[in-house]
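Let me begin by presenting the structure, written as structure tokens, before commenting on it.
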């Protein structure tokens, strides 16, 4: 597809064309330029015999988690929304999942959750408040859970 810089930026997921303009000015996208008018810069997004413009941009820019170039669409199948289940259906589904857990080979890295809960309760004590928790309480809970998993694993 042949497009101008604004269209190419949108095609790649950018909000502005400034990154593309900088790379064009630096001569790094010459292989993707298409002859156009004197003021218009046109780019080929899938030139024959070359990697795509997206691949070239990935090679020319830093990897950033929030960059549109590096974000992949979620390929997981959509699960049935739990909000649409009745309480009885949800309880039956939970029982079914938990029953299947006993039959699955969990491997040596899977923690003994009963032992983890025992250690966690010992770390937190009887006067630990119920949720909702503050940020400090959530951080404490995360640390205690990590320590309880280590203790249950014998490490």
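The values are calculated or read from the model by the stated rules, or taken from the named source; none is laboratory data. On a predicted model such as this, the values are computed, not experimentally measured, just so you know. With ideal geometry, Cβ positions are generated from the backbone for all residues, glycine too; neighbour counts draw on all protein chains shown.
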Inset, instruction - Inspect segment 77-85 for any residue being more than 30 Å from residue 153 (Cβ to Cβ), exposed (fewer than 10 other Cβ atoms within 10 Å of the Cβ) and at pLDDT 80 or above and give the result as yes or no. - result: no
Inset, instruction - Give me a count of the residues in segment 8-35 that are in contact (Cβ under 8 Å) with a residue 24 or more places away in the chain and farther than 14 Å from residue 67 by Cα. - result: 7
